[in-house]
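**Student:** Input: one structure, supplied below.
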Amino acid sequence: MSVASPHHRSTVMPTPRQQMMAQLEHGSLLVGGRELLARAPPNVTLRPAGVADAEAAPGTAFLGARAAEPSSRHVFSVGTLASGWRWMSLFRFKIWWMAPATGAGAAAVPAETQMLLLESRDEAGSAAAEGSAVYALMLPVLDGDFRASLQGSPQNELQFCFESGDPDVQTMEAVDAVFINSGDNPFKLMKESIKLLSKIKGTFRHIEDKEIPANLDWFGWCTWDAFYKAVNPAGIEEGIQSLHEGGAPPRFLIIDDGWQETVDEFKEVDETLREQTVFAQRLIDLKENHKFRGETCKNLGNLVKKIKEKHGVKFVYMWHALLGYWGGVLATSDAMKKYNPKLAYPVQSPGNVANLRDIAIDSLEKFGVGIIDPDKIYEFYNDQHSYLSSVGVDGVKVDVQNVLETLVHGFGGRVAVTRKYQHALEDSIAQNFKRNNLICCMSHNSDSIFSALKSAVARASEDFMPREPTLQTLHIGYVAFNSILLGEIFIPDWDMFLSKHETAEFHGAARALSGGGVYVSDKPGVHDFSVLKKLVLPDGSILRARYAGRPTRDCLFNDPVMDGKSLLKIWNLNNSSGVIGAFNCQGAGQWVWPVKDIAYVPTSINITDHLSPSDVESLDEIAGDNWSGETAVYAFNSCSLSRLQKHQNLEVSLSTMACEIYTISPIKKCSVYYTRFSAKPFSSHLWD
């Protein structure tokens, strides 16, 4: 196919295969038969995603670029976005976490964008209707020892940043920096792209190729919001017992931060800096601290044995940081010397600094981190996990992961060091716990995401913060959108919530259709069992949806938090039905970027929107053969039942912080005398 410049189109009709191919000629990048980028500089390169792979997916390619001189960090322009495209970005707004942004034009693409999904609509027809839109995916990836991210420029150019994080690791060329693909279904596009990319790169796997931890199918309790760092054995027993007595027995327990032996080296610091030193404390031993060694609780093993035998807990996870603790390990500790630790000071990428600062990383920049020698990191994990396993612990939640990218000077760069730590962690989990019992947390950099060979569960958002009323709706928005990418590589973890809280129904409904685990962090005796019993069966199990809960197709390019008109709709599949959750996130909070001096005043906004059975992607999977497209739609809160064809709409009206859950059941006509719903009855639970 001959591709002319943006100002002159060839009259030669392309073949269907040629139309699918990504092509770069005369500064114009075409994907899916449409121009995506214009005025690309001559140093920009495009190559197919491997000869064999290109046969299976002809639209896939890698963008790269060449520089005049070697450097550890390059910023390459790839041109301007062609007209007619709108985009949704997943970018790191903090060093630890991603969040969504939407827009049109390249200038507004945030720094640290790790996924850019674009949509080009036909002039006629709805963008949400099947076949009326082309979707393009731009996925900055890992290329050798370098990591790519996208960003816009004031000149309205789209750029990719290409960096190693180590001044000694340099290059002149990015070859496979940005993966490109296109299609007519954004969810299939994402899944097929991640599967193909995992085969090409070989450094991570798709979620379907991983072992799923068994604890996800059981209700859990986490100690964090119940006790924070004051967690203790008596409180743990009390919390488990109170949930059990109320009819929501936790079978999965996370003993969060507060159990380890740490030291505060900064007791004499100025009082104004005390809050910062909390994050600079360091690990001095692998065993539990004094709170878990006494008369009533002899040791950690004694506690684990007791809560399993007495309270029926099946899985116990312990919290630790990737580097041992927030401030790493104490280099002078007798127990830590064998791991060759040294004190290092974080150096952030300019992309991180361009977005939101974080108090934890600010603290570590001031007080340093005790980092373990990468050649000793498996030994450290193996020692820690073998001890925990020996006392009956089943797995770990590993936090503060992205700090590692800032500590790689002299170690070979961020990609190499992250991969070494990640694979050592995964190997230790497999060796000591025998199951893939790991939750990754504060780990949203692409270095970690695209190094996850075995890790199957990852937190998908910033923390649930019960004391921050304006962050509740943001939490739901974060996770739903982040799951578009993360849900292809991990089971997204939506974090804990509180069952007795003004937002409990809102959060509970979101967890129920999330496809991930369900766990709370209630204080002992402070529970709302009317909420919990909608989520938890009497034996402590939960009914988990089939996929990661993600926004419906017509929500992908909307702002469900601040545009004043859009509901957030999240879809999923169950064994015999589809499910849609409609959430009004408007008026209750605002995105925390860009930082503004204007005080935000929450307001109540009533939003009227619509939903359709066609919002449930892949509904055909559970409808089976001979389905006419007719469905029964049941609204859980209003107890209303409607009969709709697949593409018919149902009006939805919700006030701020309200939600409604709809079960979409395909109706199958087996004979002229018998009609049945292909779904189970509701009983007392939100979803089957």
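The values are calculated or read from the model by the stated rules, or taken from the named source; none is laboratory data. Keep in mind that what you see is a predicted model, and the values were worked out from it rather than measured. With ideal geometry, Cβ positions are generated from the backbone for all residues, glycine too; neighbour counts draw on all protein chains shown.
**Student:** Where the second residue is part of a helix (DSSP H, G or I) and the first is of a type in the set (V, I, T) and lies in region 288-309, which pairs have Cβ atoms under 8 Å and are six or more apart or on separate chains?
**Tutor:** Qualifying pairs under 8 Å: T296/P233; T296/A234; I307/I236; I307/E237; I307/I240.
**Student:** Kindly establish whether K420 is assigned by TED's automatic domain parsing to the domain that holds N302 and at pLDDT 95 or above. Let's see the steps before the verdict.
**Tutor:** Working: assigned by TED's automatic domain parsing to the domain that holds N302: yes; at pLDDT 95 or above: yes.
The answer is yes for K420.
**Student:** Restricting the search to region 21-43, which residues are at pLDDT below 95, more than 17 Å from S83 (Cα to Cα) and assigned to a loop (DSSP other than H, G, I, E, B)?
**Tutor:** Hits for region 21-43 are M21, A22, H26.
**Student:** Go through I236, I240 for me and flag whichever is touching a residue at least 24 places away in the same chain (Cβ under 8 Å), under 23 Å from R467 (Cβ atoms) and part of a helix (DSSP H, G or I). Explain how you work it out, then say what you get.
**Tutor:** Numbers: I240 fails: under 23 Å from R467 (Cβ atoms).
Only one candidate passes the filter, namely I236.
**Student:** In region 182-195, what count of residues is obtained for those that are among the small types (G, A, S) and in a helix (DSSP H, G or I)?
**Tutor:** The initial filter retains those residues of region 182-195 that are among the small types (G, A, S), namely 182-183, 193.
Of the ones still in play, those that are also in a helix (DSSP H, G or I) are 193.
Here the count works out to 1.
**Student:** Given (1) part of a helix (DSSP H, G or I); (2) surrounded by 21 or more Cβ atoms within 10 Å (Cβ to Cβ), identify the lone condition not met by P250.
**Tutor:** Looking at each condition in turn, P250 falls short on (1).
**Student:** So which residues in region 333-356 are in a strand (DSSP E or B) and touching a residue at least 60 places away in the same chain (Cβ under 8 Å), if there are any at all?
**Tutor:** The first filter runs over region 333-356 and keeps only residues in a strand (DSSP E or B), leaving 342-344.
Residue satisfying the conditions is A344 alone.
**Student:** Same structure, new question: Are there any pairs with C-beta distances below 6 angstrom linking a residue in region 320-332 that is in the same structural domain as I254 (by TED's automatic domain parsing) and in contact (Cβ under 8 Å) with a residue 12 or more places away in the chain to a residue that is in a loop (DSSP other than H, G, I, E, B) and buried (at least 24 other Cβ atoms within 10 Å of the Cβ), with the two at least 6 apart or on different chains, and if so which?
**Tutor:** So the pair list comes out as A321/V400; L322/V400; W326/V400; V329/P341; A331/P341.
**Student:** Looking only at region 666-673, decide whether some residue is out of contact with any helix residue (DSSP H, G or I) (no Cβ under 7 Å at 6 or more places or on another chain), within 16 Å of G578 (Cα to Cα) and buried (at least 18 other Cβ atoms within 10 Å of the Cβ).
**Tutor:** Here is the first cut: in region 666-673, the residues out of contact with any helix residue (DSSP H, G or I) (no Cβ under 7 Å at 6 or more places or on another chain) are 667-673.
Filter once more, keeping what is within 16 Å of G578 (Cα to Cα): 667-668.
If we keep only those that are buried (at least 18 other Cβ atoms within 10 Å of the Cβ) too, we end up with 667.
So far as region 666-673 goes, yes, one or more of its residues are out of contact with any helix residue (DSSP H, G or I) (no Cβ under 7 Å at 6 or more places or on another chain), within 16 Å of G578 (Cα to Cα) and buried (at least 18 other Cβ atoms within 10 Å of the Cβ).
**Student:** Return the residue satisfying two criteria in turn: it lies in region 80-112 and is in contact with a Pro (Cβ under 7 Å, 6 or more places away or on another chain) and among the small types (G, A, S), and of such residues it is farthest from K188 (Cα to Cα).
**Tutor:** Initial filter on region 80-112 (in contact with a Pro (Cβ under 7 Å, 6 or more places away or on another chain)): 88-91, 101, 107.
Then keep just the ones that are among the small types (G, A, S); that gives 89, 101, 107.
Details: S89: 18, A101: 21, A107: 28 Å.
The residue in question is A107.
**Student:** Filter region 146-165 down to residues that are outside any strand (DSSP E or B), buried (at least 21 other Cβ atoms within 10 Å of the Cβ) and at negative phi, then give me how many there are.
**Tutor:** Applying the first criterion (outside any strand (DSSP E or B)) to region 146-165 yields 153-157, 164-165.
Retained after the next criterion (residues that are buried (at least 21 other Cβ atoms within 10 Å of the Cβ)): 157, 164-165.
Filter once more, so that each one left must be at negative phi: 157, 164.
Residues meeting the conditions: 2.
**Student:** In region 44-57, how many are assigned to a loop (DSSP other than H, G, I, E, B) and at pLDDT 75 or above?
**Tutor:** Here is the first cut: in region 44-57, the residues assigned to a loop (DSSP other than H, G, I, E, B) are 49-50, 57.
Those still in the list that are at pLDDT 75 or above too: 49.
The qualifying residues number 1.
**Student:** Being surrounded by fewer than 13 Cβ atoms within 10 Å (Cβ to Cβ), touching a Phe, Trp or Tyr at 6+ places or on another chain (Cβ under 8 Å), closer than 28 Å to A248 by Cα and at pLDDT 85 or above, is that true of even one residue in region 630-638?
**Tutor:** Our first condition is that a residue be surrounded by fewer than 13 Cβ atoms within 10 Å (Cβ to Cβ); within region 630-638, this holds for 638.
In the following step, the residues that additionally are touching a Phe, Trp or Tyr at 6+ places or on another chain (Cβ under 8 Å) were identified as none.
The answer is no, given that none of the residues of region 630-638 is surrounded by fewer than 13 Cβ atoms within 10 Å (Cβ to Cβ), touching a Phe, Trp or Tyr at 6+ places or on another chain (Cβ under 8 Å), closer than 28 Å to A248 by Cα and at pLDDT 85 or above.
**Student:** Moving on. Out of all the residues in region 196-227, which are within 30 Å of P538 (Cβ to Cβ) and assigned to a helix (DSSP H, G or I)?
**Tutor:** I207, A214, N215, L216, D217, W224, D225, A226, F227
**Student:** Of the residues V134, V75, V109, V141, which is on the phi < 0 side of the Ramachandran plot and in contact with a Cys (Cβ under 8 Å, 6 or more places away or on another chain)?
**Tutor:** Numbers: V134 fails: in contact with a Cys (Cβ under 8 Å, 6 or more places away or on another chain); V109 fails: in contact with a Cys (Cβ under 8 Å, 6 or more places away or on another chain); V141 fails: in contact with a Cys (Cβ under 8 Å, 6 or more places away or on another chain).
Answer to the check: V75.
**Student:** Please pick out the residue among A248, A280 that is within 30 Å of A214 (Cα to Cα) and either outside the structural domain of D399 (by TED's automatic domain parsing) or in contact (Cβ under 8 Å) with a residue 60 or more places away in the chain (or both). Don't jump to the end; show me each part of the working.
**Tutor:** Details: A280 fails: within 30 Å of A214 (Cα to Cα).
Residue meeting the stated conditions: A248.
**Student:** Could you tell me whether E502 is of a type in the set (D, E), touching a helix residue (DSSP H, G or I) at 6+ places or on another chain (Cβ under 6 Å) and outside the structural domain of L556 (by TED's automatic domain parsing)? Spell out how you get there, then give the answer.
**Tutor:** Numbers: of a type in the set (D, E): yes; touching a helix residue (DSSP H, G or I) at 6+ places or on another chain (Cβ under 6 Å): no; outside the structural domain of L556 (by TED's automatic domain parsing): yes.
For E502, the condition - of a type in the set (D, E), touching a helix residue (DSSP H, G or I) at 6+ places or on another chain (Cβ under 6 Å) and outside the structural domain of L556 (by TED's automatic domain parsing) - is not met.
**Student:** I'd like the full set of residues that are buried (at least 17 other Cβ atoms within 10 Å of the Cβ), assigned to a helix (DSSP H, G or I) and modelled with pLDDT of 90 or more, limited to region 258-290.
**Tutor:** Correct list: F279, A280.
**Student:** Shifting gears a bit: Within region 405-419, is there a residue that is crowded, with 24+ Cβ neighbours inside 10 Å, small (G, A, S) and farther than 23 Å from N340 by Cβ?
**Tutor:** no
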